[in-house]
1. Once label points are set 7 Å from the Cα along Cα→Cβ at both Thr202 and Ser121, what is their separation, rounded to one decimal in nm?
2. Could you compute Rg(Cα) / (2.2 N^0.38 Å) for the stretch 88-220, with N its residue count?
3. How much length would be gained if the chain were fully extended between Gln110 and Ile160, taking 0.36 nm per residue of separation minus their Cα-Cα distance, in nm to one decimal?
4. Across the stretch 98-162, how large is the tail of the calculated P(r) beyond 20 Å, expressed as a percent of all Cα pairs?
5. For a Förster distance of 35 Å, can you work out the FRET efficiency between the beta-carbons of Gln152 and Ser209, rounded to the nearest 0.05?
6. Identify the trypsin sites (Lys or Arg not before Pro) of the stretch 55-148 meeting these criteria: DSSP loop state and at most 15 other C-beta atoms within 10 Å of the C-beta.
7. Between Thr132 and Ile100, what's the calculated FRET efficiency when r is the beta-carbon distance and R0 is 35 Å? Round to 0.05.
8. Count the net charge of all other residues whose Cβ sits under 14 Å from the Cβ of Met191, scoring Lys and Arg as +1 and Asp and Glu as -1.
Amino acid sequence: MKKIFISMTAAVMILCGCGTSGNMNTLGNAVLTDVLTGGQTANGTNAATNTGAAVGNILQSVLGGTSKMTQKGLIGTWTYSKPGCAFTSEQLLAQAGGEIVASEIKTKLQPSFQKVGITSSNTQVTFNQDGTFSAKVAGKNWSGRYTFDEAQSKITMSGILINVNCYAKRNADGIGLLFESSKLLSLLQTMSALSGNQTLQTIGELSKSYDGLRMGFDMK
């Protein structure tokens with residue numbers, strides 16, 4: 001039991017020291033208090049159990065690392081599931097506030113994507129082995145050729161409507177296709193004809209709040 005306590009405390013100390021963000025320090029202090037007191041969450045679950053899950057998930061919103069995509073893993077047809085996001089490094093994720101903030105960003109993206117018209121029935125992409133792709137974004141067809149830089153997890157997609165780069169991330173139930181904010185806005189403007197729309201401006205403003213943020217689509 002003593003070994004478990006020491007391990008949990010060390011993990012929380014890592015969380016608290018990953019960055020200088022006030023949000024991250026507040027989160028770490030709260031978790032540390034629960035671990036030391038053996039407290040429970042509002043729904044009655046043990047705080048130490050939740051802490052262990054948080055530590056285990058800390059790299060789920062970072063490009064590369066445990067979420068690194070391979071060329072073979074990219075091949076197939078992927079259907080939009082929900083908004084996705086990731087940070088370019090563990091440090092930037094920690095400074096932003098960790099997995100909790102990453103989850104909040106996805107929640108904030110959801111109404112914007114809905115207003116643009118992105119749904120699971122009209123947004124998907126197929127990557128073929130021969131280097132071609134076909135896609136629908138908000139019901140609008142897009143196709144062309146792609147290349148994948150496995151070292152950087154970077155996909156370059158070149159089509160008739162638009163050329164754009166994005167980053168691939170492996171998820172537990174599929175993949176994430178994530179963009180720099182300017183590239184995501186260009187894609188959505190082209191596909192939805194909403195140039196200058198307040199919905200798109202909201203996405204742009206969200207990206208300015210966090211360094212190294214990539215936003216896009218989680219797909220199954």
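Here, each number is a calculation from the coordinates, and none is a lab measurement. Since we're looking at a predicted model, the values are computed, not measured. Cβ atoms come from the backbone with ideal geometry, glycine included; neighbour counts cover every protein chain shown.
1. Those two pseudo-labels are separated by 2.2 nm.
2. For the stretch 88-220, the normalised Cα radius of gyration comes out at 1.03.
3. Working it through step by step, the gained length comes to 15.2 nm.
4. Result: 48 percent of Cα pairs exceed 20 Å.
5. 0.90
6. Counting only loop positions with at most 15 other Cβ atoms within 10 Å, the trypsin sites (Lys or Arg not before Pro) in the stretch 55-148 are Lys68.
7. Efficiency at R0 = 35 Å is approximately 0.35.
8. Combined, the nearby Lys, Arg, Asp and Glu give +4.
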